[in-house]
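Working notes for the structure below.
The values are calculated or read from the model by the stated rules, or taken from the named source; none is laboratory data. Computed from a predicted structure; not experimentally measured. Using ideal geometry, Cβ is built from the backbone for each residue, glycine included, and neighbour counts are taken over all protein chains shown. Protein only, heavy atoms only, side chains kept; ligands, DNA and RNA dropped before computing areas. Shrake-Rupley method; radii C 1.70, N 1.55, O 1.52, S 1.80 Å.
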Amino acid sequence: MHRTFTPGITPPVDRSVPAWWFAFVGKKLLVHQEGTANQIPQLTSLEEIGLTPIRTQFLGTLGDRPCYCAELPKDISTPTGMTLQGLRELYGTLDEDLFILSGRAIQIVEWNRTHQYCGYCATPTTQLPYERAKRCPNCGLVNYPRLSPAVIVLISRGEELLLARAHGFSPKMYSILAGFVEPGESLEETVVREVREEVGIEVKDIRYFGSQPWPFPNSLMIGFTATYASGEIALEPEELVDAGWFSKHNLPQIPPKLSIARKLIDWFVSTH
């Protein structure tokens, strides 16, 4: 059942109500293992299971339950019945609401960890009480959680779509093209530049499709569709190992349903 998440900065005064605890060691989340499923611990504090966090942040409430994220020391002993797993591994084994919130939590944990000091004058920062931000008491510099916008685009040519393999992909995996937005660019300009740089073709009819927060590590993926305009595929070898046009009836291995890439591909298959 879908539950409403309400973001928050200030934790509740009453800390006796069990809360969801999204506790990380590095990029791995502490979860209860229950057969093939996993659960986020529900505790009044991590001390209940013998863990002392380095630092914590209140996330807000999911339904009527408070939510916290925490950074744990790297040398912890994992409590009995629990394990540490990466978020990609947890897709499909966690409740969807909790999986999405885990992505938010890891980004806030990382921001909290990396902004303990001012990047300009090295003074210890202070947490602002009314927003998710850290302020330098010496020079006044304010830092918010980092968000890196990136475009992802499905390029079609009739009943074919362009798919590519990047160097870091798992064997046989193909996906659509993506790239980060540069300063001064519109999203549409980024689409044109990234496609031209990575595969050497031109596109037209660029249309917004949808967006997805992507916590690997801190992106906002903004999806587009486009149609082929001109040119022959010419790979950028530092980015890609292969690219080509694929019929919607004969697709290679593609990303899992977790991703906006898959949503775009599924949309294309169902509408063309």
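Select from the range 59-82 the residues that are open to solvent by less than 30 Å² (accessible area, probe 1.4 Å) and not aliphatic (A, V, I, L, M) and write down the one among them that is nearest to T36 (Cα to Cα).
P79
Taking the stated definitions as given, is A105 out of contact with any Lys or Arg (no Cβ under 6 Å at 6 or more places or on another chain) and open to solvent by less than 10 Å² (accessible area, probe 1.4 Å)?
So A105 fits the description; yes.
Of the residues S259, S211, S230, S219, only one is open to solvent by 40 Å² or more (accessible area, probe 1.4 Å), under 27 Å from G26 (Cα atoms) and of a type in the set (S, T, N, Q); which?
Of the residues listed, the single one that is open to solvent by 40 Å² or more (accessible area, probe 1.4 Å), under 27 Å from G26 (Cα atoms) and of a type in the set (S, T, N, Q) is S211.
Here is a list of conditions, (1) open to solvent by less than 20 Å² (accessible area, probe 1.4 Å); (2) over 25 Å from the mean Cα position of the chain (by Cα); (3) touching a residue at least 60 places away in the same chain (Cβ under 8 Å), and H249 meets all of them except one; can you say which number that is?
Here H249 clears every test but (1).
Do we find a residue being open to solvent by 40 Å² or more (accessible area, probe 1.4 Å), in contact with a Lys or Arg (Cβ under 9 Å, 6 or more places away or on another chain) and outside any strand (DSSP E or B) anywhere in the range 36-46?
Checked the range 36-46: at least one residue is open to solvent by 40 Å² or more (accessible area, probe 1.4 Å), in contact with a Lys or Arg (Cβ under 9 Å, 6 or more places away or on another chain) and outside any strand (DSSP E or B).
Name the residues in the range 1-41 that are under 17 Å from R65 (Cβ atoms) and in contact with a His (Cβ under 9 Å, 6 or more places away or on another chain), would you?
Scanning the range 1-41 gives Q39, I40, P41.
Looking only at the range 124-145, which residues are hydroxyl-bearing (S, T, Y) and surrounded by fewer than 14 Cβ atoms within 10 Å (Cβ to Cβ)?
Once the filter is applied, which keeps residues that are hydroxyl-bearing (S, T, Y) and surrounded by fewer than 14 Cβ atoms within 10 Å (Cβ to Cβ), the range 124-145 yields T126, Y130, Y144.
I'm told P124 meets every condition in (1) farther than 15 Å from F22 by Cβ; (2) within 23 Å of the chain's Cα centre (by Cα) except one. Can you identify the failing condition by its number?
(2)
Restricting attention to the range 197-220, which residues are in contact (Cβ under 8 Å) with a residue 24 or more places away in the chain and within 26 Å of A234 (Cβ to Cβ)?
Passing the criteria: E197, E198, V199, G200, I201, E202, V203, K204, I206, F209.
I'd like the residue in the range 146-164 that is open to solvent by 40 Å² or more (accessible area, probe 1.4 Å) and out of contact with any Lys or Arg (no Cβ under 6 Å at 6 or more places or on another chain) and, out of all such residues, is farthest from E202 (Cα to Cα).
Only one residue fits best here, namely R146.
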